[in-house]
Each structure stands twice: as structure tokens, then as C-alpha cells.
Amino acid sequence: MPGESWDVSRRGFIAGSVATAALAGVANPAQAADPAQAAADPVQAQALDWPAFVGQQDLVWKRLPSDWWQGPFLGDGLLGSMVYQEPGKNQIRFTTQHSEVQDYRPQFGSAWGVCRLPVGHLTLEPSGTISKVDWRLDLWNAELTGTVTTSKGTLTLNVFIHDQTLVAKATAQSGETVKWVFHEEKAISPKSASEAPPSGYTENPAPTKKTTENISQVTQNLVAGGQTATAYRKTGDTLLLTVAHTATDKTAEAKALTRIQNATETTLRTAHRKWWNAYYQKSFLSIPDQRLQSFHWAQLYKIASGTRADAPVMATCGPWLEKTGWPAVWWNLNVQLEYWLIHGSNHLELDAISKTLHDNMDNLIKNVRPEYQPDSAGVGRSTDRRTIKGSYVQRPGDSGSGEVGNLAWTLHNAWLSYRHTMDESLLQNTIFPLLRRTTNYYLHFLKKGDDGKLHLPQTLSPEYGLAPDANYDIALLRWSLQTLLQTKPDDPLAGKWQQTLKDLTPYPTDSTGFMIGAGVPYAKSHRHYSHLLMVYPLYLVTPDTAANRALIEKSVRHWHSIQGAHRGYSYTGAASMFAVLGNGNEALTYLLKFFDTSTKYPVTENTMYKEGSPVVETPLSASQSIHDMLCQSWGGVIRVFPAVPDKWADAALGTFRTQGAFLLSAVRRQGKTAWVKLTSEAGQPCRVKHGIAGDITVSTPDGTPIAWHSTGDGVIQIDLVKGATAVVYPKGALPDLTVAPVPITVPGKQWGLPS
């Protein structure tokens, strides 16, 4: 890449790495299911009271939430529940939605034919009038606990989800009673709330109900042939409920019944707590802003509640389906932003993107017209969890809203997983074959112009409009070509890739910076930053020269200078781009706009997000913006605390995962980097911009010197073999390498409804 030097040599599997288990587990997802199976984690060895620290980040409720954007949420990547007041009633709703449940009629498109389908919800119906609640979302144990006070007494709650089973314990006191009621929901697209079904659409039949022994069952057969089944039973104070789904056969009913017959509260709770306690200890992050710190840990909870490597890739709502105009998977921004967080936080066991791409290669090929299927693949703007929509990806030059680059951008996420683990199987079996195909699709339509350069006909820059040489596509094509050449320079097509890269037209720019495309300036407010992908997250244009730096800053400022259409991820994207520039203060300013309740669409009380409909990607991308301020590892260089704002004098990272498969721990005190520790999992070249002023020492954790040399611009290269650990610190005695929470200097209230 221009201005970059990096080594993508493929060193085989990373023995013992959880990340490798997660990614190699594409063929056997069960291998990645339990982070407790990880090798000893360096963070666990630190003097850190994990339950106490994570407990300080808990969300709390002192009043009853009135809707999904206020309430607690639970999930295991498949079954999800939002908790809030039943609209207009003296009841508490526990939604019971499932990320696999969808329709299978692609002839009606993604909004109706292959959309997510509702399952149902529980209501907890006290006999007295609810006067207050006192709830805590216990992040450490991933449980909702607390009380409901009514005019007749008290209900004590403890609720969690594990193994697609909701476990809800409600104990009545002082004259109150416990009553649970399950309400099945109509198996029709959530889009039905705002529009009529398409012509020829037949509604799914009404569900059937029965009781087997003491287990209640609700079975929803689908016109297309699949089946959704809910089974539940109450034993003493505890209700157990599960949902099962099948795409083609009618076995979901038996699966749900068997799961509830075998389920016990004790067994589920033990496995549940073991998973979550191990999950948190895989990495550590602390900053002195209490509200942002708590927000970040809530996002770690959210993403593990919403996805797992062996669960579907997240739709716009995650597993928490509500009324929405976007009842499917969106591939032109949403999916990508949802999953960035998993890399630095060392949670590759959540990488549903890589598995989804691997498992659905045939569908991705069938998404392009038959004449291109021998060598191409693609994905449309929106599909179901299997990448199916029911229409072909449009061709460059077609009229209408033809997005061409979505698969390439999604593959960049998988490539990030590869770079953070150096897992050869992921690169060779998933990324390379699909990237070769999506690049071939572009190559079918490139034409040489009078200037001797290769140009693309018009394509759609997501949500902005049509343009030839759209920067969205030119950036993704350039990244794809470079990545293919660096992955397999001896491929039979390598010569064509090299020539295409040489002849490809430059990014269209004007006096305001990067344009939408050739002849199409950025001239109206726009929430997407699709025309700026070469800056972030692709890092194709980097601030390595004064001209590039000026171009980047001018482009980002111009993007935000035209107000009106910006949304939450417009601010998180700008924050990450200013972090690329090393401007931590500006990055924080833009990030905080997402938390500013005076903006049109800020983060909601429970850290969720809405733009009319609920969407989960923006809060998760805000956590990635925090990552970008604390550590970046693009271009083969690990940058430690590259864009920390002045307000964050102290910061700490523990086992933060970087590109090249390094685990990094680092501490910043009083505005200065105190030390940096790096462990190599793959033996990749270790280049680090440590940020320590003055002379340094590089040694093992016991003080034994390690060879290193300067490569200029504050970067050093360390001779670090696979499995070895190096510590970088100011010249002198080896410092205390404890990673601990930093002092809070920016207090903030808890998330939820604390008052």
C-alpha cells in the first residue's frame, strides 16, 4: 500500500490461540464456543479484581423503562431479549426473538421474502400496580437482577440467557404473585408496520399450540417450508423458555422440546457464568472518563450477547428484533461497523462474518448474473443471514441503485481477522478465493479512457448517488488488488492485477477533498463515509506526507461542514479519521457528538441506537473509535497511544490484539507512555511506535536485553520470535508491569435509568 511497509507472510496456525480456534473453527464452530478454553491469559495474572471492576460498569434502572431503547438486554448470539414495560399496561415485557428466525421466499426481496420474523414475548404480570424498579444489568455474570415494587408487594428477579434458553427467576414477596404469559407474534415481516405486503404474498399460517407433560409449545410453520418452535415450562419460581428454528424441515418443534426437557437452571447458570467470566478476562481497557469507560464495557457485553462465530451474522437489530424498516442484514456499512470491535478486544470467537462468508460461497457466487458466475461473486445491499436476497448484484453502468463493492468491504473485515491472528486457513480458504472473485467482477467492467487510465462506469456510492469512478469502488478495488498481490503474487492473474493497479484511475478529488466520484462532488449532507474509505478503514491514503495529511483533514472537515443528514456513525467515523491523523482532542470532540443528547440521533439510555428503527452498529463502532485513539496497527506498525486526548492523562490496555498477531499491554501515566509489552503469537516483524520520549530499553519481562533497532520516525523494530515477549520502557530499571484501572478524572452517571 502507498506509504506502507508490511509483511503478510503466512506462518501457519497459531497454536494455542483462542483467535485461531475461533477462525480455524469455521469447519467446526464448537471449537470456538467457550473462551474459558483459552490458554492462560496475561491479563488474568495481573492484580485486578475483575468482578469489582466490571461491576463498576454495570447499567442500572431506578424506574421502569418504557421502550426497547431504555431497557436491559440479554442474549447469547441466537436468542435475545429486551426488557421494558408492556405498552400501555401494568406489565413487564421480555421479548423472545431469535437471530435465525426468518422467511425463505427470496422472490419477495429482503424486506419481505427473506426478512427476520418475529417470534414472541413474555409478560410478567404482577397483581399490584408497579411503582418502581431497582434493576442492575450485572455485566460480569451477564444477568439482570433486582426488584419490582408494586402496591401489593415485591418481585425479585434474576434473568439470563444461555444455550438459546431464557432462564427467568421471579420470586414474590409480601402478598405479590408471579404470573408469566407468553404471547406469540405474527410471523410476518416487521416491515408490515409501515407498508402493505407485495403483490402475491401469502401470509404464514397461524401457529399451533399444545402441551407435552408440563411443557407448553407454540409451533409456527412457514409457507416456504421451515419451522419455528417455542417451548417453555415453569418450575417453582423459575421459567425456562427456548426457541428453535429450521430452514427447510419441520424438526424445530422436537429440538425445542428436547432442549427444555433437558434444561436445568443450575446447569445453565454454571456454564453461563463460566463463559462470561472468561470472556471479559481476555482483554482490558481503562480510561479516565467513567461514562465512556462504562460504555465500552457495555459494548463488549452487547456484542457477545448479539453474536458468536457459530451464530448468524448480525442483522441491523442484532438478535433483538423490533418493529423496523430494516429487517435483514445490511452489507453497505452496518455489518462492517458491527464487527470492528472484536479485533483489538481480542474476541475473535465472535467473528460471524468470516464464517458467514465461508459457509455461503455458493450463494455469493449466485448473487451475480449467470454469465459472471464462473469467476465472480458479490453481495447486494441487504440479504438474509445466508447472503440471499432474490435479485442479482447490479452491474457497473446499470441504471438505478447499483452497489458493487459491498462484498469487498465485508472481506476487509475478514482480512482484519486474518491480520490480527495470521491464521493461514482463513486467508487461503475464505478471503483469497472470494476476493479473487469480487475483484474479477470489477475487472469485467473497467475500460481504458483517453487518459490511458482504467475507469469504472457509474456505480452507487452508498446512499449518496450514482457516479463513475466512485471513490467507494475505486478504493475497494485498489485495496483488493494490493491484497491479492501480497497474498499470492504467483497467481495466474497476478500480471493482470499488477497492470490494473498501475493503470487504475486516481481517486477523484476537487478543492474540497475527495469527491463522491468523477464529476460528482460531495455537495449535500451525507451520513455515510463511503467516499472516504481510502482513509478509514482501508488506510490506503495515510498522513505520511504533508500533502496526504492536508487532503485527509480537508476531506473530513468538508464532509461534516454540510449539516443535516449526519447520524451517529458519521461522528464515530470522523473520530476514527482524526485518530488516524493523531489528533486525539479532535477525535474526542467528534466522538462526544454521538453522546450529545442535543443531536438528532444520539446513543440511547441503554447504549442502543435508533434512526427511526433500532440498529446496533453505531454504538459498537464508537467503541472502535476509542480503540483507534489508544492503539492502531495498520501498515505493519503498532502505534501505542497514537491519538489520546489531553483529558486522558492516564490509560491502560491489557492483552490488546494487534495486526501481526501481537498481544499488547501498555500503561500511560500523566500524559506519558510508561511502558509497552508485546507478545508475538506468529513471529511476524515487530515494528512499534512506542511514544516513549528519550532513551529506551527493550528487554524480556525479566530484564534480559532484546535486540532492536530504529527505523525512523519514532518506530523501532524488535527481534521478537514467535511466543516471545518484549517490554519497551524508558532507559533504567524495569518498571512494574501491572495493568490496573486508571483513576477517574471525568465522572459520569451510570448507563440505564439511574434516576
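The values are calculated or read from the model by the stated rules, or taken from the named source; none is laboratory data. Bear in mind that the values here come from a model prediction, so they are computed numbers and not experimental data. Don't worry about glycine lacking a Cβ; one is built from the backbone with ideal geometry, like all the others, and counts go over all protein chains shown. With ligands, DNA and RNA removed, areas are computed over all heavy atoms of the protein, side chains included. Shrake-Rupley method; radii C 1.70, N 1.55, O 1.52, S 1.80 Å.
Can you pull out the strands (runs of 3 or more DSSP E) entirely within segment 183-295 that have at least 3 residues that are touching a residue at least 40 places away in the same chain (Cβ under 8 Å), open to solvent by less than 70 Å² (accessible area, probe 1.4 Å) and β-branched (V, I, T)?
In segment 183-295, 238-246 are the strands (runs of 3 or more DSSP E) which contain 3 or more residues that are touching a residue at least 40 places away in the same chain (Cβ under 8 Å), open to solvent by less than 70 Å² (accessible area, probe 1.4 Å) and β-branched (V, I, T).
Considering Q499, Q486, Q428, which residue is within 20 Å of G635 (Cα to Cα), open to solvent by 50 Å² or more (accessible area, probe 1.4 Å) and assigned to a helix (DSSP H, G or I)? Quick ask: steps written out before the conclusion?
Details: Q499 fails: within 20 Å of G635 (Cα to Cα); Q428 fails: within 20 Å of G635 (Cα to Cα).
Q486 is the lone residue from the list that is within 20 Å of G635 (Cα to Cα), open to solvent by 50 Å² or more (accessible area, probe 1.4 Å) and assigned to a helix (DSSP H, G or I).
Being part of a loop (DSSP other than H, G, I, E, B), modelled with pLDDT of 95 or more and touching a strand residue (DSSP E or B) at 6+ places or on another chain (Cβ under 6 Å) narrows it down to one of N332, N346, so name that one. It would help to see each step written out before you state the result.
Details: N332 fails: touching a strand residue (DSSP E or B) at 6+ places or on another chain (Cβ under 6 Å).
It is N346.
Quick check: is even one residue across segment 735-743 closer than 21 Å to G584 by Cβ, under 30 Å from the mean Cα position of the chain (by Cα) and surrounded by fewer than 16 Cβ atoms within 10 Å (Cβ to Cβ)?
yes
Could you check K89 against (1) modelled with pLDDT of 95 or more; (2) under 24 Å from the mean Cα position of the chain (by Cα); (3) open to solvent by 40 Å² or more (accessible area, probe 1.4 Å) and say which number it fails?
(2)
What tally of residues in segment 167-177 results from selecting those that are open to solvent by less than 40 Å² (accessible area, probe 1.4 Å) and assigned to a loop (DSSP other than H, G, I, E, B)?
Residues meeting the conditions: 1.
Tell me which residues, restricted to segment 213-247, are at pLDDT 95 or above and among the β-branched types (V, I, T).
Residues satisfying the conditions are I215, V218, T219, V223, T228, T230, T238, T242, V243, T246.
Being open to solvent by less than 10 Å² (accessible area, probe 1.4 Å) and polar (S, T, N, Q) is the filter here; which residues of segment 605-621 pass it?
N606, T607, T618, S621
Could you check, for segment 559-570, whether at least one of its residues is hydroxyl-bearing (S, T, Y) and touching an Asp or Glu at 6+ places or on another chain (Cβ under 8 Å)?
Step one: list which residues in segment 559-570 are hydroxyl-bearing (S, T, Y), which gives 561, 569-570.
Applying the additional criterion that residues be touching an Asp or Glu at 6+ places or on another chain (Cβ under 8 Å) yields 569.
Yes, there is a match, as at least one residue in segment 559-570 is hydroxyl-bearing (S, T, Y) and touching an Asp or Glu at 6+ places or on another chain (Cβ under 8 Å).
Go through (1) surrounded by 15 or more Cβ atoms within 10 Å (Cβ to Cβ); (2) in contact (Cβ under 8 Å) with a residue 60 or more places away in the chain; (3) among the hydroxyl-bearing types (S, T, Y) and name the single condition T512 misses.
If we test T512 against (1) surrounded by 15 or more Cβ atoms within 10 Å (Cβ to Cβ); (2) in contact (Cβ under 8 Å) with a residue 60 or more places away in the chain; (3) among the hydroxyl-bearing types (S, T, Y), just (2) comes out false.
Please work out if T572 is farther than 16 Å from A298 by Cβ, crowded, with 24+ Cβ neighbours inside 10 Å and within 17 Å of the chain's Cα centre (by Cα). Before the answer, list the steps.
Details: farther than 16 Å from A298 by Cβ: no; crowded, with 24+ Cβ neighbours inside 10 Å: yes; within 17 Å of the chain's Cα centre (by Cα): yes.
Spelling it out, it is not the case that T572 is farther than 16 Å from A298 by Cβ, crowded, with 24+ Cβ neighbours inside 10 Å and within 17 Å of the chain's Cα centre (by Cα).
Using beta carbons and a limit of 7 Å, which pairs, at least six apart or on different chains, have the first residue in segment 320-340 and open to solvent by 10 Å² or more (accessible area, probe 1.4 Å) and the second one part of a helix (DSSP H, G or I) and among the charged types (D, E, K, R)?
Close Cβ pairs (under 7 Å, with a partner that is part of a helix (DSSP H, G or I) and among the charged types (D, E, K, R)) amount to G325/K191; N334/E617.
Could you please tell me which pairs satisfy a Cβ distance under 7 Å, a separation of 6+ or placement on different chains, a first residue in segment 356-384 that is of a type in the set (D, E) and at pLDDT 95 or above, and a second residue that is part of a helix (DSSP H, G or I) and open to solvent by 30 Å² or more (accessible area, probe 1.4 Å)?
D375/R437
Is there any pair with a first residue in segment 677-693 that is under 14 Å from F656 (Cα atoms) and touching a residue at least 40 places away in the same chain (Cβ under 8 Å) and a second that is open to solvent by less than 30 Å² (accessible area, probe 1.4 Å) and aromatic (F, W, Y) whose Cβ atoms are under 8 Å apart and which are 6 or more apart or on different chains, and what are they?
L678/F662; T679/F662; S680/F662; E681/F662
Name the residues in segment 437-468 that are open to solvent by 40 Å² or more (accessible area, probe 1.4 Å), in contact (Cβ under 8 Å) with a residue 60 or more places away in the chain and out of contact with any strand residue (DSSP E or B) (no Cβ under 9 Å at 6 or more places or on another chain), would you?
Residues satisfying the conditions are R437, H444, E463.
Can D362 be described as within 15 Å of R436 (Cα to Cα) and either open to solvent by 10 Å² or more (accessible area, probe 1.4 Å) or not in a helix (DSSP H, G or I) (or both)? Please lay out each step first, then the result.
Numbers: within 15 Å of R436 (Cα to Cα): yes; either open to solvent by 10 Å² or more (accessible area, probe 1.4 Å) or not in a helix (DSSP H, G or I) (or both): yes.
It is true that D362 is within 15 Å of R436 (Cα to Cα) and either open to solvent by 10 Å² or more (accessible area, probe 1.4 Å) or not in a helix (DSSP H, G or I) (or both).
Please specify each residue of segment 514-532 satisfying the condition of being assigned to a strand (DSSP E or B) and either touching a His at 6+ places or on another chain (Cβ under 6 Å) or among the charged types (D, E, K, R) (or both). Explain how you work it out, then say what you get.
In the first step, residues of segment 514-532 are kept if they are assigned to a strand (DSSP E or B); the result is 514, 517, 520.
Across segment 514-532, the qualifying residue is only F514.
Do we have P319 as closer than 29 Å to Q624 by Cα and modelled with pLDDT of 95 or more here?
Details: closer than 29 Å to Q624 by Cα: yes; modelled with pLDDT of 95 or more: yes.
The answer is yes for P319.
Considering every residue within segment 125-134, establish whether at least one is under 27 Å from G325 (Cβ atoms) and either modelled with pLDDT of 95 or more or of a type in the set (D, E) (or both).
In the first step, residues of segment 125-134 are kept if they are under 27 Å from G325 (Cβ atoms); the result is none.
No, segment 125-134 contains no residue that is under 27 Å from G325 (Cβ atoms) and either modelled with pLDDT of 95 or more or of a type in the set (D, E) (or both).
Restricting to segment 704-733, name every residue that is within 23 Å of P543 (Cα to Cα), open to solvent by 30 Å² or more (accessible area, probe 1.4 Å) and touching a residue at least 24 places away in the same chain (Cβ under 8 Å).
Matches in segment 704-733: T711, D713, G714, Q717.
Please give the number of the condition T356 fails out of (1) in a helix (DSSP H, G or I); (2) open to solvent by less than 20 Å² (accessible area, probe 1.4 Å); (3) in contact with a helix residue (DSSP H, G or I) (Cβ under 8 Å, 6 or more places away or on another chain).
Every condition holds for T356 apart from (3).
Quick one: S555 ticks every box in (1) of a type in the set (S, T, Y); (2) out of contact with any helix residue (DSSP H, G or I) (no Cβ under 7 Å at 6 or more places or on another chain); (3) open to solvent by less than 10 Å² (accessible area, probe 1.4 Å) except a single one, so which number is it?
(2)
Which number in (1) in a strand (DSSP E or B); (2) more than 26 Å from the chain's Cα centre (by Cα) marks the one condition that G691 misses?
(1)
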